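The values are calculated or read from the model by the stated rules, or taken from the named source; none is laboratory data. It should be emphasised that the depicted structure is a prediction, and the values quoted were computed from it without experimental measurement. All Cβ positions, glycine included, derive from the backbone under ideal geometry; neighbour counts span all protein chains shown.
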Amino acid sequence: MKQIKVFGSLVKDSLDTITHGNVKYHIWMGVLTFMMLVGMYCYSIQLSEGLQVTGMTDRVSWGLYISNFTFLVGVAAAAVMLVMPTYVLHDVDFKQAVLIGEGLAVSALIMCLAFVIADMGGPSVLWHMIPGLGVFNFPNSMLTWDVLVLNGYLFLNITIPFYILFRHYQGKEAKSKVYVPGAILSVFWAVGIHLVTAFLYQGLQARPFWNNALLGPRFLASAFAAGPALIILVLAMIRNFTAFKIEDKTLKKIAMVVTVAAQINLIMLVSELFKEFYAPTHHSESAYYLFFGLHGKDALLPWIWTAIPLNILATVMLTFHKLRNNPKVLYFCCFILFIAIWIEKGFGLIVPGFIPGPYGKISEYTPTGIEIGVTLGIWALGAFVFTILARTAIGIELGQLRYKKNKQ
Amino acid sequence: MSSNNKKWFSLNLGRKSSASSGSCGCGKTSGGCGSHSSDDYEMTDEAFVAAAVDASIGEERTKDGFEQVFDVKMDRRTAFKKLTASLLIGAGAVSTSCSVISGDESKEKAQIDWEEQFKGNYKLMTDEEKKATVDRLMRSYELRTGKNISMSSKNAEENILFGYAFNISKCQGYMDCVNACVEENNQDRDSQMQYIRIHEMKDGNGFSFDEADDNYYHEVPAEGHFYMGTQCFHCDNPPCVNVCPVQATWREDDGLVVVDYDWCVGCRYCMAACPYDGRRFNWKKPEVPEAEINHNQHYLGNRMRKKGVMEKCTFCVQRSRAGKNPACVEACPTGARIFGNLLDPNSTIRWVLENKKVFRLKEDLGTEPKFWYFMD
């Protein structure tokens, strides 16, 4: 009973915090809300007209939604790079950042689920997928694995920080006995979500571009580069706008993680390119389409030739300690690395899988305005959720939010 | 329609229990008011008793759809589900029965819609449930359009395994098969969805699909070209079936790979998994002019689809299970298409497989298609 009362008070205090702020904060939230509304409007059109309002066709049947989904699974998985050092290796330097990382994972997962639902042809019969209620094709379909691991990871990433914050809110220490087993589980789980998502594509013999043993490991490497890169940017922003203290040491350590992951990612990229282009087979056509275009069709060229140089530039710059230790250079590198991997792991991966088609037909894909609107709306949703979570967490960690203290 | 044999959630939206009392909602006790479907009948005493028993304990004996999981003893979870379900029923019932202007027909329509929304996976239904489902769909069509369709729920027969052979030497690219297929299977006319693709290939280049044209608009046969058709190959080891998260697509015992359009959630994973471009998606609501609708339908075949679901070639299940050839085979003017029972040693298809040098596409993928190509 008491717990419920405390929880009620927490919700009230949290609402209080997130509805108050300076002008910049209100503008930020206002813009996000507006984008979400636009996204919802676009989605309502898609619901009534069907998926024909998107650029997807029978030839390229997955597009922007699934691309973003794939990328965001990686961002969510990246929280492990903070969780493991903090809870398992007891590295105090990560302690401040870990809650932010988990908040980021939660919002990334919410975006993932939203993208999957946006991509569904029949969202009204999604209950067919609920285990027990519908028919869950487990373990045959990798998609059911993905549903399980994503929701499990979401659960872990909500409960662990919630437990810690809930204790801190009451002015008590969180008992490590309670949350450390969960944290250790979430470390394995994070690797699991991204590997399973890779298997989703890797297991299709119909698509040689995906049916590649390196896909899973490469997913992990790029995720552990892009995710922590985003975390660095977010931490930098939080440091700038709030009283929350994040030490340089923490950022430097995360930067180290980003660097190593980006280097490994680059090695794997070289390996992939070598295989596709040294002795090209019929199965290399998708790669040819992606990097050079096929039969005059070259819609993806500008994208991939933006991504690759950015990726290389960021990795090389991060490799030099002098450059990496300069915050401005670090933020710039993280930003371009994030963009590069978003392109590469997004439609640089999904779209060429369908081009050329099973019989060599090349028909290209361009997302429509409605598709982009929904996508932006979902990104805004993620940012909105993250802002709410981060504001509450920071409030509690700074001691501004305390149970009873603010009860008059 | 209110057959008491039903194994799914039923609404009784304040309709007079017309069927069981033998009287009609319009007040007449003898037929002819027009609100009954043709298969309504007067109940005998026995049937009435059976119906009464069914009404009281029927739920315990027979389950389907929503009910497939409602068969456990009441625990907290079940109770919660039941509560949710009854809330939904309540909302629907209130909205329909409070409406003064809606007559029996619209109430029946609402009930059918409800039952359709929460029915189970066709693959897991018993024969009676399948029958009841197609009856409901036929009634729904009648209520909506005033016209009758016949829909079959015929299962696979024993000792039948369908196979298909395509004679590359004979095909001239007339595309009569494509047109026949579209008409037979009620495909969306607007987006010109076609299950069959005819690839026009250059002589002397062999089977180079990437240089082939599967969308030609000129007189055929074109000089220096040959033609080759592809469609769903009804693989014995279909990759599309494994990946479906809800088992909305499966291989029937006679080898047909089918889709339950109402169970499909539209994730298009099967489409990505198919190496043969055999699947099509309804990106919009499919539309067929009323006059062109083929009224001879099968639940797994050419019944009307809705937007946001997958569909595909079923070897015209409504025809093949009735002992006829698929529409493409019948329409082909050159005799390039051969269809039959692989388990019948005297069938033409068996003769082709035994006497011609046959091959299949992408055999290295291990999908075991039941679609062979050969040349004279």
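Points worth noting:
- The residue of region B:238-260 that is farthest from the other protein chains (Cβ to nearest Cβ), among those that are touching a strand residue (DSSP E or B) at 6+ places or on another chain (Cβ under 6 Å) and part of a strand (DSSP E or B), is B:Val257.
- Filter pass, A:Ser44 being part of a helix (DSSP H, G or I) and either over 21 Å from the mean Cα position of the chain (by Cα) or of a type in the set (Val, Ile, Thr) (or both): yes
- A:Met142 being within 14 Å of chain B (Cβ to nearest Cβ), in contact with a Cys (Cβ under 8 Å, 6 or more places away or on another chain) and either closer than 26 Å to A:Asn211 by Cα or surrounded by fewer than 19 Cβ atoms within 10 Å (Cβ to Cβ) (or both): no
- Residue check for B:Asn282: away from every other protein chain (no Cβ under 12 Å) and within 17 Å of the chain's Cα centre (by Cα): no
- Residues of region B:306-336 satisfying the condition of being away from chain A (no Cβ under 14 Å) and charged (D, E, K, R): B:Arg319, B:Arg321, B:Lys324, B:Glu330
- One residue stands out among those in region B:277-302 that are assigned to a loop (DSSP other than H, G, I, E, B) and of a type in the set (Gly, Ala, Ser): the one that is farthest from B:Asp262 (Cα to Cα), which is B:Gly278.
- Any chance A:Ile355 is over 24 Å from the mean Cα position of the chain (by Cα), crowded, with 22+ Cβ neighbours inside 10 Å and in contact (Cβ under 8 Å) with a residue 12 or more places away in the chain: yes
- Qualifying positions in region A:351-364 - on the phi < 0 side of the Ramachandran plot and within 13 Å of chain B (Cβ to nearest Cβ): A:Val351, A:Pro352, A:Gly353, A:Phe354, A:Ile355, A:Pro356, A:Gly357, A:Pro358, A:Tyr359, A:Lys361, A:Ile362, A:Ser363
- Residue within region A:80-99 that is assigned to a loop (DSSP other than H, G, I, E, B), out of contact with any helix residue (DSSP H, G or I) (no Cβ under 6 Å at 6 or more places or on another chain) and buried (at least 20 other Cβ atoms within 10 Å of the Cβ) present: no
- Among the conditions (1) closer than 19 Å to A:Ile343 by Cβ; (2) polar (S, T, N, Q); (3) under 22 Å from the mean Cα position of the chain (by Cα), the only one that A:Ser286 does not satisfy is (3).
- Within region B:173-208, considering residues that are of a type in the set (A, V, I, L, M, F, W, C) and part of a helix (DSSP H, G or I), the one surrounded by the most Cβ atoms within 10 Å (Cβ to Cβ): B:Cys177
Okay, residues lined up against (1) in contact (Cβ under 8 Å) with a residue 12 or more places away in the chain; (2) over 23 Å from B:Gly278 (Cα atoms):
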| site | (1), (2) |
| --- | --- |
| B:Thr133 | yes, yes |
| B:Ser140 | yes, yes |
| B:Ala156 | yes, no |
| B:Asn159 | yes, yes |
| B:Met193 | yes, no |
| B:Ser208 | no, no |
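- Summed over region B:261-278, the residues that are more than 7 Å from chain A (Cβ to nearest Cβ) and more than 13 Å from A:Trp62 (Cβ to Cβ) give a count of 3.
- Hits in region B:209-232 (condition: within 11 Å of chain A (Cβ to nearest Cβ) and either closer than 21 Å to B:Val317 by Cβ or part of a strand (DSSP E or B) (or both)): B:Asp213, B:Met228, B:Thr230
- Yes/no for A:Glu276 being in contact with a strand residue (DSSP E or B) (Cβ under 9 Å, 6 or more places away or on another chain) and assigned to a helix (DSSP H, G or I): no
- Filtered residues of region A:240-253 (kept if in a helix (DSSP H, G or I) and buried (at least 16 other Cβ atoms within 10 Å of the Cβ)): A:Thr250, A:Leu251, A:Lys252, A:Lys253
- A:Thr259 passes every criterion in (1) of a type in the set (Ser, Thr, Tyr); (2) farther than 20 Å from A:Pro217 by Cα; (3) in contact (Cβ under 8 Å) with a residue 40 or more places away in the chain apart from (2).
- For region A:46-76, the set of residues classified as aliphatic (A, V, I, L, M) and within 11 Å of chain B (Cβ to nearest Cβ) consists of A:Leu47, A:Leu51, A:Val53, A:Met56, A:Val60, A:Ile66, listed by residue number.
- The condition of being within 19 Å of A:Leu337 (Cβ to Cβ) and small (Gly, Ala, Ser) holds for only one of A:Gly74, A:Gly39, that being A:Gly74.
- Residue satisfying condition, being among the aromatic types (Phe, Trp, Tyr), modelled with pLDDT of 95 or more and either farther than 30 Å from B:Ser191 by Cα or surrounded by 20 or more Cβ atoms within 10 Å (Cβ to Cβ) (or both), within set A:Phe162, A:Phe136, A:Phe69: A:Phe69
- When A:Met268, A:Met237, A:Met256 are checked against the criterion of being away from chain B (no Cβ under 14 Å), more than 17 Å from the chain's Cα centre (by Cα), in a helix (DSSP H, G or I) and under 27 Å from A:Gly357 (Cα atoms), a single residue qualifies: A:Met268.
- Tally, over region A:100-128, of residues that are assigned to a helix (DSSP H, G or I), out of contact with any Phe, Trp or Tyr (no Cβ under 6 Å at 6 or more places or on another chain), touching a residue at least 60 places away in the same chain (Cβ under 8 Å) and within 14 Å of chain B (Cβ to nearest Cβ): 1
- One residue from B:Lys170, B:Lys154 being surrounded by fewer than 19 Cβ atoms within 10 Å (Cβ to Cβ) and more than 19 Å from B:Leu256 (Cα to Cα): B:Lys170
- If you go through region B:333-367 and keep only what is among the hydroxyl-bearing types (Ser, Thr, Tyr) and surrounded by fewer than 17 Cβ atoms within 10 Å (Cβ to Cβ), you end up with B:Thr334, B:Ser347, B:Thr348.
- Flag for A:Arg207 being basic (Lys, Arg), surrounded by 21 or more Cβ atoms within 10 Å (Cβ to Cβ) and outside any loop (DSSP other than H, G, I, E, B): no
- Put simply, of A:Ala307, A:Ala390, A:Ala340 the only residue that is without any contact (Cβ under 8 Å) to a residue 40 or more places away in the chain, assigned to a helix (DSSP H, G or I), surrounded by 19 or more Cβ atoms within 10 Å (Cβ to Cβ) and touching a helix residue (DSSP H, G or I) at 6+ places or on another chain (Cβ under 6 Å) is A:Ala340.
- Between A:Asn212, A:Asn157, A:Asn151, the distinction of being assigned to a helix (DSSP H, G or I) and either more than 14 Å from chain B (Cβ to nearest Cβ) or aliphatic (A, V, I, L, M) (or both) belongs to A:Asn157 only.
- Search result, residues across region A:289-302 that are under 18 Å from A:Arg59 (Cα atoms) and either hydroxyl-bearing (Ser, Thr, Tyr) or surrounded by 14 or more Cβ atoms within 10 Å (Cβ to Cβ) (or both): A:Tyr289, A:Leu290, A:Gly293, A:Leu294, A:Lys297, A:Asp298, A:Ala299, A:Leu300
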